[in-house]
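Following: one structure in structure tokens, then a few remarks.
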Amino acid sequence: MRILSGIQSSGKLHLGNYLGAMKQHIELQAENECFFFIANFHALTTVQDAKVLRDNTLDVAIDYLALGLDPHKANLFRQSDVPEVTELAWILSTVTGKGLLERAHSYKDKVDKGIEPSMGLFTYPLLMAADILIYRSDLVPVGKDQVQHIEMTRDMAGYFNNKFGREVLKLPAVKLNDALIVPGIDGQKMSKSYGNAINLFDPPKETRKRIMSIRTDSTPVEAPKNPDTCNVFAIYKLMATPEEVAALRKKYLAGGMGYGEAKSLLADVVERVLGPARERREKLVANASYVEDVLVAAGKRARSVANSVMADVRDACGIVVSKQ
Ligand code: TYM
């Protein structure tokens, strides 16, 4: 099965990225042909500082490798190493109605939050569809916030195939895991742009402080508490062992436990899961040329797959590119 997914290099990665997406990516690498890329063209819709974008792009690669992505098993590359995606995005834009893009939730959310909409932000789903379709991907593992984009991708593949009368583009399926939408410290979706994230690799003290500031309700210490409406428990159950989750659930229901105790247990589990990755991360930071080599080699493999699909796309729609 060919698996593909991407993460924007728009800032520090957080628990939502890991639990919703990267964890599944790393699990899938053992038995599938995997393509995971750093969406730096997409990040340009929000990061418009060359040094910051370059640094963020390398940082996402380092985070992936630190968390367990194995470059011998999965292709980890930069989106911009396959520039043909922008060509395919253009071609898709010619068969896609503007109304489809106007219905995109994530675009509407960003505009509602006061973000000035550039054309790049508006046409974001076209580039994302191109990212997926250019590798004839079977499955796209993402968090729930991306599901509509995958549905739009399927629509766009259908428009192209229908218009040109050939099954050139493959319709991908979405893959979700238990972490559909990881809440941030304010209970909304954890997001780089909402200021509510728990970052993966902040110093442990800072992470603990952040966890202690997760919003909870005002149920008194003695009273029983509902684990299923609690933001702390929502994250805990995605990271702790089943026995630990059952034990904490019991404590919530029994009463006599303050939220501070639950937060402290969550901070312990987060450190247990991420501590070893932080150590690997430090070694990778000191070995940036190794990381660069990984990206370059995988970028070449990805581009070669993309070029063979693009040859079919161009042939189907009549675009001729002279041999240089
Ligand atoms: P991005 O960079 O916002 O997020 C990367 C991945 O993390 C998941 N995620 C979450 N999952 C659960 N709970 C959360 N709070 C949470 N926050 C983020 C996202 O669902 C995503 O899987 N458009 C994409 C990047 C992209 C892409 C693609 C993805 C570009 N081209 C092609 C898949 C296929 C994005 O902005 O992800």
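The values are calculated or read from the model by the stated rules, or taken from the named source; none is laboratory data. Note that this is a predicted model, so its numbers are computed, not measured. Note that each Cβ is placed from the backbone with ideal geometry, even for glycine, and that neighbours are counted across all protein chains shown. Just so you know, the surface numbers come from the protein's heavy atoms only, side chains and all, with ligands and any DNA or RNA stripped out. Shrake-Rupley method; radii C 1.70, N 1.55, O 1.52, S 1.80 Å.
Here are some notes:
- Ala302 vs. criteria touching a Phe, Trp or Tyr at 6+ places or on another chain (Cβ under 6 Å) and in a helix (DSSP H, G or I): yes
- Selected residue (criterion: surrounded by the fewest Cβ atoms within 10 Å (Cβ to Cβ)) from residues of region 10-50 that are in a helix (DSSP H, G or I) and away from the ligand (no atom under 12 Å from the Cβ): Ala50
- Taking the criterion of being open to solvent by less than 60 Å² (accessible area, probe 1.4 Å) and either modelled with pLDDT under 95 or assigned to a helix (DSSP H, G or I) (or both), the residues of region 308-322 that qualify are Val309, Met310, Ala311, Val313, Arg314, Ala316, Cys317.
- Some residue of region 186-207 being acidic (Asp, Glu), over 30 Å from Ile319 (Cα atoms), open to solvent by 60 Å² or more (accessible area, probe 1.4 Å) and under 15 Å from the mean Cα position of the chain (by Cα): no
- Hey, Ala302 within 28 Å of Val82 (Cα to Cα) and not charged (D, E, K, R) or not: yes
- Within region 126-164, the residues that satisfy the criterion of being touching a residue at least 24 places away in the same chain (Cβ under 8 Å), out of contact with any Pro (no Cβ under 7 Å at 6 or more places or on another chain) and more than 11 Å from the ligand (Cβ to nearest atom) are Arg136, Asp155, Met156, Ala157, Tyr159, Phe160, Lys163, Phe164.
- Residue match in region 54-62 (condition: under 21 Å from Gln24 (Cα atoms), touching a strand residue (DSSP E or B) at 6+ places or on another chain (Cβ under 7 Å) and either among the charged types (D, E, K, R) or not in a helix (DSSP H, G or I) (or both)): no
- Only one of Gly256, Gly260 that is of a type in the set (Gly, Ala, Ser) and at positive phi: Gly256
- Condition check for Ile7: within 14 Å of the ligand (Cβ to nearest atom) and either within 22 Å of Leu133 (Cβ to Cβ) or buried (at least 20 other Cβ atoms within 10 Å of the Cβ) (or both): yes
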